[in-house]
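To start, the structure itself, in structure tokens.
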Amino acid sequence: MARPRRLPKVLTPDEQRAFLAKFDRRYPSALRNLVAVRLMLECGLRCGEVIAVRPEHLDLATRRLVVREGKGRKDRVVWFSDDVRDLIVRWLDRRPASEWLLCTRHTTQVNTRYLRELVKRKAMAAGIPEADRVTPHVLRHSFATGVLRDTKNIRLTQKAL
């Protein structure tokens, strides 16, 4: 007999606020990490897509991000909020010169394992129930759930992802 499928874990709006409050914006690495998490949470980006973003993929005037060769090697366009744009501008002013938007202080690409551990660590710090189950993909599920809740249109939600 097949196991019943569990619904994916999603963060409630209160849990999202508590999660995002755990990032200290004073430090460059924390600002970079906050940009990464906000892109996953508010644009539905996958972990690998976030680390592959280059500054030339961004259009800050229109708040548009072109995701190059996402899953299935497909390109797609996502839009981000004014708050995310402001965070990106702050990060661009502080980041080392690199081909990657989210780079380490040695100008190398951030590792996906680092982002996964970061998300789990911040979820535990925020006191989120079942924090051990919070992953970057949970942030994507939370984005999709929010879009579905707002639009009540499954096709639009699929297109956003």
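Residues in region 107-114: is at least one open to solvent by less than 50 Å² (accessible area, probe 1.4 Å), farther than 15 Å from residue 23 by Cα and assigned to a helix (DSSP H, G or I)? Among the residues of region 107-114, at least one is open to solvent by less than 50 Å² (accessible area, probe 1.4 Å), farther than 15 Å from residue 23 by Cα and assigned to a helix (DSSP H, G or I), which makes the answer yes.
From the residues in region 115-138 that are open to solvent by less than 20 Å² (accessible area, probe 1.4 Å) and in a helix (DSSP H, G or I), which one is farthest from residue 33 (Cα to Cα)? Give the derivation first.
First, pick out the residues of region 115-138 that are open to solvent by less than 20 Å² (accessible area, probe 1.4 Å): 115, 118-119, 123, 128, 131, 134, 136, 138.
Okay, now just the ones that are also in a helix (DSSP H, G or I), so 115, 118-119, 123, 131, 136, 138.
On the way: 115: 8, 118: 8, 119: 9, 123: 13, 131: 18, 136: 12, 138: 16 Å.
Restricting to residues being open to solvent by less than 20 Å² (accessible area, probe 1.4 Å) and in a helix (DSSP H, G or I), the top hit is 131.
The set of residues in region 23-39 being more than 15 Å from the chain's Cα centre (by Cα) and among the charged types (D, E, K, R) consists of 24, 25, 26.
For region 1-37, filtering for residues that are in contact with a helix residue (DSSP H, G or I) (Cβ under 8 Å, 6 or more places away or on another chain), assigned to a loop (DSSP other than H, G, I, E, B) and under 21 Å from residue 144 (Cβ atoms) leaves 4.
Against the condition of a type outside the set (A, V, I, L, M) and open to solvent by less than 30 Å² (accessible area, probe 1.4 Å), how does residue 100 come out, does it pass? Considered against the rule, which asks whether it is of a type outside the set (A, V, I, L, M) and open to solvent by less than 30 Å² (accessible area, probe 1.4 Å), residue 100 comes out as no.
Across region 66-96, what is the total count of residues that are part of a helix (DSSP H, G or I), open to solvent by 40 Å² or more (accessible area, probe 1.4 Å), touching a residue at least 40 places away in the same chain (Cβ under 8 Å) and over 20 Å from residue 140 (Cβ atoms)?
The first filter runs over region 66-96 and keeps only residues part of a helix (DSSP H, G or I), leaving 71-73, 82-94.
Next, from what is left, pick out any that are open to solvent by 40 Å² or more (accessible area, probe 1.4 Å): 71-73, 82-83, 85-86, 89-90, 92-94.
Then keep just the ones that are touching a residue at least 40 places away in the same chain (Cβ under 8 Å); that gives 83, 90, 94.
If we keep only those that are over 20 Å from residue 140 (Cβ atoms) as well, we get 90, 94.
So the count comes out to 2.
Taking region 50-61 as the range and being out of contact with any helix residue (DSSP H, G or I) (no Cβ under 9 Å at 6 or more places or on another chain), outside any strand (DSSP E or B) and open to solvent by less than 70 Å² (accessible area, probe 1.4 Å) as the test, the residues that pass are 52, 54, 57.
The values are calculated or read from the model by the stated rules, or taken from the named source; none is laboratory data. Because the structure is predicted, anything quoted here is derived from the model rather than measured. Backbone-built Cβ (ideal geometry, glycine too); neighbour counts: all protein chains shown. The accessibility values were calculated without ligands, DNA or RNA, using every heavy atom of the protein model including side chains. Shrake-Rupley method; radii C 1.70, N 1.55, O 1.52, S 1.80 Å.
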